[in-house]
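The values are calculated or read from the model by the stated rules, or taken from the named source; none is laboratory data. Everything numeric here is computed off the predicted structure, so don't read it as measured data. Here the Cβ positions follow ideal geometry from the backbone for every residue, glycine too, while neighbour counts run over all protein chains shown.
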Amino acid sequence: MTAIAQTGTDPAGVTARRVRRLPIGAWTGTLPFVGYVGLFLLLPTGIILWNAFKNPAGTFTFSGISALGSSTVRSYFVGSFELAGISSAAGAVLGAILAYAVAAGPLDGIMRRLYLSGSGVLAQFGGVTLAFAFLATIGPTTGYLLHAGWYYSFPWGISLIYIYFQIPLMVLVFLPAIDGLKIQWREAAENLGGSTWRYWRHIGGPLLAPAFLGATLLLFANGLSAYATIVAWENQISYIVPQQISISMISEVGLLNFNQADVLALGMVILVAIVMTGYALLTRRAAKWLR
Amino acid sequence: MKFRQITVTGRGSRAALVMLSLLALAAAGCGSSSSSNSAGGTDWSTATSASSGGGLSKLIAAAKKEGTLNVIALPSNWANYGNIIKAFEAKYGIKINSIAPDDSSAQEITQIQQKNGTPLAADVLDVGLAVAYQYTSLFAPYEVSTWSDVPASQKQANGEWVEDYGGYMSVGYNSAKVGTITSLNQLLTAKFKNSVALNGNPTEANAALNGVMMASLALGGSAGSISTGVNFFSKLKKAGNFNPVQATPSTIKTGATPVVFNWDYLNTASVVGQSASTWKVFIPSNATLGGFYAQAINKSAPHPAAARLWEEFLFSQAADGGQNLWLHGGARPVEQTAMTSNGSIDKSAAAALPPVTGTPVFLTQSQATNAASFLAQNWAKAVS
């Protein structure tokens, strides 16, 4: 308001500017974005919500939703949580260490550029390609691990494979936070007699904590939604929700139920919404300091 | 139909599919307008047999005029489908669009439900019986010329679907790695660490469900209850012998899955790409579990005459007809009994089939449904 009052010393000039402006509100600029989000996010979510409360015959029912409480369906959500939890925790810790190491180098150094572009590629590395790469390099194909079965075990073996794309993602999202740590803070701490431990305990740690937790949540959401890798690897057993959604949609033995798929998908939407809300809150807090 | 016999899925094949679909669109766009009323005014989309439409030669002429046939979910290494498609194309000069070879039976239904009314819908389907029973209303009744040679228990009375080929559930294995298998309980021993795989998830794929059911029968269970088989796989998992990776010719080649439960026609040495001297097939004598797939014509097929000609071809008993071609792929054609008595069967191919002892068991509709619902509740718990 004060800004307008100060610039509004020449009423005639203001009027003249208003006249030249097209008679549309500022919100029109957001139309493409709103349209995009509406078409590719809100509409599908709405369809899922709508269908989750129907049975295959098309009548309204709560029985689909109540299936979320059954022990079988719960086990898929537990499995999704375990896989996303383990792979995101391990990926976050290892990725953060790697990011810290990368940040120690010069900003335009060759190593940094190499790591960043490498991470950019590897963070998208998943699915059948990843499963195959693992199978071909570490897995049974080499013969060394032919009779070791740990890499098929759920959730630990699969988590190990997921870490292959979780670590690079962590490097990408966490590096800016580490870059935000000002060297002056470190110097100030040292000038006042603070040890390395005290610096991390009272300055670096608290500053990075929200960013770290936020990035971990992002990795968690990433682990929740990854699907193709586990499908190639665990073809005969369903452990996680996305696998079960797929079965509900393509079962040829009489267990086809699109509404059940919608119910499971709705459960996932709610989960991811909770996680991403946490992510948004944490990054907002982190952004306060790390500019 | 069938699950992932070929491993290549994902973006590459999707893109190819889109290209194929566009080609189909272009091809069909040229000729489809005249298709239904060609060759003497017969509307083939409602013809229930070749003779009711004016005879086989008229059917051939109408199909050639359509020029295209959309098939779906036919992997080229499944029951010799690769050669069957080539033989049909060569014989009639009709182009076949093979849509989504790795799709399941359920996805075939989804495809026609979504694409009906466009030239992209699949004309003919090859589906598991559970799907055939459930979606009979989407199929056009049609009796092929050899209709009477198909046993009555293996077809829908009006010909909405007809069982086409089948086989017996078997255990294929690399004898150079694991020795000779003579009983399923052997698979629980330490020698089979991480070795035993099914063809898919039994709550999803027909072949896998039958694999579990076969174990059930072999170990004293009955066709009415699959729990014995589920317990067996649970023990297999606890022993560390169950291998959950997607079994394919490549995992067999690398040695990751040296023991695979699958239909016998998918477990032959040539299909899995192994030498016949080391790749063996075992069918427990007390568990001869048979399973057939079924042919159906999409009621709204964009190429109704070509669809019917395809069925005539598949059920033909000629030396170069579908029945003998399936036999060459190790599958048992539905008209095998009739062909054996009338002498039209390829005797050397028939002799090469794995021998079957004991009384074959075929799951009834309710047995299959019960098994599926038991698996839905118990499979994941039992093996995880």
Task: Of residues in the stretch B:120-146 being touching a Gly at 6+ places or on another chain (Cβ under 7 Å) and modelled with pLDDT of 95 or more, the one surrounded by the most Cβ atoms within 10 Å (Cβ to Cβ) - done: B:Tyr142
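Please find, among A:Ser238, A:Ser248, A:Ser225, the residue that is touching a residue at least 40 places away in the same chain (Cβ under 8 Å) and surrounded by 20 or more Cβ atoms within 10 Å (Cβ to Cβ).
A:Ser238
Does at least one position in the stretch B:198-210 carry a residue that is farther than 25 Å from B:Leu129 by Cβ and touching a residue at least 24 places away in the same chain (Cβ under 8 Å)? If you could, list the steps in order and put the result at the bottom.
Applying the first criterion (farther than 25 Å from B:Leu129 by Cβ) to the stretch B:198-210 yields none.
No - not one qualifying residue is present in the stretch B:198-210.
Looking only at the stretch A:177-201, which residues are in contact with a helix residue (DSSP H, G or I) (Cβ under 8 Å, 6 or more places away or on another chain) and of a type outside the set (Ser, Thr, Tyr)? It would help to see each step written out before you state the result.
In the first step, residues of the stretch A:177-201 are kept if they are in contact with a helix residue (DSSP H, G or I) (Cβ under 8 Å, 6 or more places away or on another chain); the result is A:177-181, A:185-186, A:189-190, A:194, A:198-199.
Once the filter is applied, which keeps residues that are in contact with a helix residue (DSSP H, G or I) (Cβ under 8 Å, 6 or more places away or on another chain) and of a type outside the set (Ser, Thr, Tyr), the stretch A:177-201 yields A:Ala177, A:Ile178, A:Asp179, A:Gly180, A:Leu181, A:Trp185, A:Arg186, A:Ala189, A:Glu190, A:Gly194, A:Arg198.
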Task: Sole exception among (1) part of a loop (DSSP other than H, G, I, E, B); (2) at pLDDT 95 or above for B:Thr257, by number - done: (2)
Open item on the list: I need the helices (runs of 4 or more DSSP H) fully contained in the stretch A:177-291, keeping only those with at least 1 residues that are within 14 Å of another protein chain (Cβ to nearest Cβ).
Closed with: A:228-233, A:241-250, A:258-289
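Against the definition (assigned to a helix (DSSP H, G or I) and either closer than 29 Å to B:Ile297 by Cβ or within 14 Å of chain A (Cβ to nearest Cβ) (or both)), how does B:Met169 come out, yes or no?
On the way: assigned to a helix (DSSP H, G or I): no; either closer than 29 Å to B:Ile297 by Cβ or within 14 Å of chain A (Cβ to nearest Cβ) (or both): yes.
It is false that B:Met169 is assigned to a helix (DSSP H, G or I) and either closer than 29 Å to B:Ile297 by Cβ or within 14 Å of chain A (Cβ to nearest Cβ) (or both).
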- [ ] Starting from the stretch B:268-294, take each residue that is assigned to a loop (DSSP other than H, G, I, E, B) and list its partners that are of a type in the set (Ser, Thr, Tyr), counting only C-beta distances under 6 angstrom and pairs at least six apart or across chains.
- [x] B:Thr278/B:Ser175; B:Ile283/B:Tyr168; B:Ile283/B:Ser170; B:Ser285/B:Thr357; B:Thr288/B:Tyr168
TODO: Those residues that are of a type outside the set (A, V, I, L, M, F, W, C), within 14 Å of another protein chain (Cβ to nearest Cβ) and outside any loop (DSSP other than H, G, I, E, B), I need them from the stretch B:198-239; list them, please.
DONE: B:Asn206, B:Asn210, B:Gly211, B:Gly229, B:Ser234, B:Lys237, B:Lys238
Open item on the list: Checking the condition among the aliphatic types (A, V, I, L, M) and in contact with a helix residue (DSSP H, G or I) (Cβ under 6 Å, 6 or more places away or on another chain), which residue from B:Val171, B:Val150, B:Val144, B:Val162 passes?
Closed with: B:Val144
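Just wondering, is there one or more residues in the stretch B:84-100 that are within 14 Å of chain A (Cβ to nearest Cβ) and of a type outside the set (S, T, N, Q)?
In the first step, residues of the stretch B:84-100 are kept if they are within 14 Å of chain A (Cβ to nearest Cβ); the result is B:100.
Restricting the remaining residues to those that are of a type outside the set (S, T, N, Q) gives B:100.
Within the stretch B:84-100 (the criterion being within 14 Å of chain A (Cβ to nearest Cβ) and of a type outside the set (S, T, N, Q)), the answer is yes, since at least one residue qualifies.
Determine which member of the set A:Leu83, A:Leu98 is within 14 Å of chain B (Cβ to nearest Cβ), buried (at least 17 other Cβ atoms within 10 Å of the Cβ) and in a helix (DSSP H, G or I). Walk me through how you get there before you give the answer.
Working: A:Leu98 fails: within 14 Å of chain B (Cβ to nearest Cβ).
None of the other options fit; the residue is A:Leu83.
Restricting attention to the stretch B:351-369, which residues are among the polar types (S, T, N, Q) and away from every other protein chain (no Cβ under 11 Å)?
Kept after step one, since they are among the polar types (S, T, N, Q), are these residues of the stretch B:351-369: B:357, B:359, B:364-367, B:369.
Scanning the stretch B:351-369 gives B:Thr357, B:Thr359, B:Thr364, B:Gln367.
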Task: Condition check for A:Ser195: out of contact with any Leu (no Cβ under 9 Å at 6 or more places or on another chain), surrounded by fewer than 18 Cβ atoms within 10 Å (Cβ to Cβ), closer than 28 Å to A:Leu94 by Cβ and touching a residue at least 12 places away in the same chain (Cβ under 8 Å) - done: no
Open item on the list: Go through the stretch B:102-156 and report how many residues are more than 26 Å from B:Thr248 (Cα to Cα), of a type outside the set (S, T, N, Q) and within 12 Å of chain A (Cβ to nearest Cβ).
Closed with: 3
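Within the stretch B:91-130, count every residue that is of a type in the set (D, E, K, R) and assigned to a loop (DSSP other than H, G, I, E, B).
Looking only at that region, the number is 3.
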Open item on the list: For the stretch B:328-347, give me each residue that is surrounded by 15 or more Cβ atoms within 10 Å (Cβ to Cβ), under 20 Å from the mean Cα position of the chain (by Cα) and not in a loop (DSSP other than H, G, I, E, B).
Closed with: B:His328, B:Arg332, B:Pro333, B:Gln336
- [ ] Identify, by number, the condition in (1) among the small types (Gly, Ala, Ser); (2) part of a loop (DSSP other than H, G, I, E, B); (3) touching a residue at least 24 places away in the same chain (Cβ under 8 Å) that A:Ala57 doesn't meet.
- [x] (3)
- [ ] Determine, yes or no, whether B:Ala372 is within 24 Å of B:Ser137 (Cα to Cα), of a type outside the set (Phe, Trp, Tyr) and within 14 Å of chain A (Cβ to nearest Cβ).
- [x] yes
Task: Filtered residues of the stretch B:66-79 (kept if at pLDDT 95 or above and more than 10 Å from the chain's Cα centre (by Cα)) - done: B:Glu66, B:Gly67, B:Thr68, B:Leu69, B:Asn70, B:Val71, B:Ile72
Task: Leading residue by the ranking (nearest to the chain's Cα centre (by Cα)) among those in the stretch B:172-197 that are surrounded by 21 or more Cβ atoms within 10 Å (Cβ to Cβ) and within 12 Å of chain A (Cβ to nearest Cβ) - done: B:Ala197
Task: Pair list, Cβ under 7 Å, 6 or more apart: the stretch A:114-136 residue without any contact (Cβ under 8 Å) to a residue 24 or more places away in the chain, other residue in a helix (DSSP H, G or I) - done: A:Leu135/A:Thr141
Open item on the list: Please count how many residues of the stretch B:306-326 are without any contact (Cβ under 8 Å) to a residue 40 or more places away in the chain, of a type in the set (A, V, I, L, M, F, W, C) and in a helix (DSSP H, G or I).
Closed with: 0
Open item on the list: Filter the stretch B:66-84 down to the residues that are part of a helix (DSSP H, G or I) and either touching a Gly at 6+ places or on another chain (Cβ under 7 Å) or surrounded by 18 or more Cβ atoms within 10 Å (Cβ to Cβ) (or both) and list them by number.
Closed with: B:Glu66, B:Tyr81, B:Ile84
Task: Failed item in (1) buried (at least 21 other Cβ atoms within 10 Å of the Cβ); (2) assigned to a loop (DSSP other than H, G, I, E, B); (3) more than 9 Å from chain A (Cβ to nearest Cβ), with B:Gln246 passing the rest - done: (3)
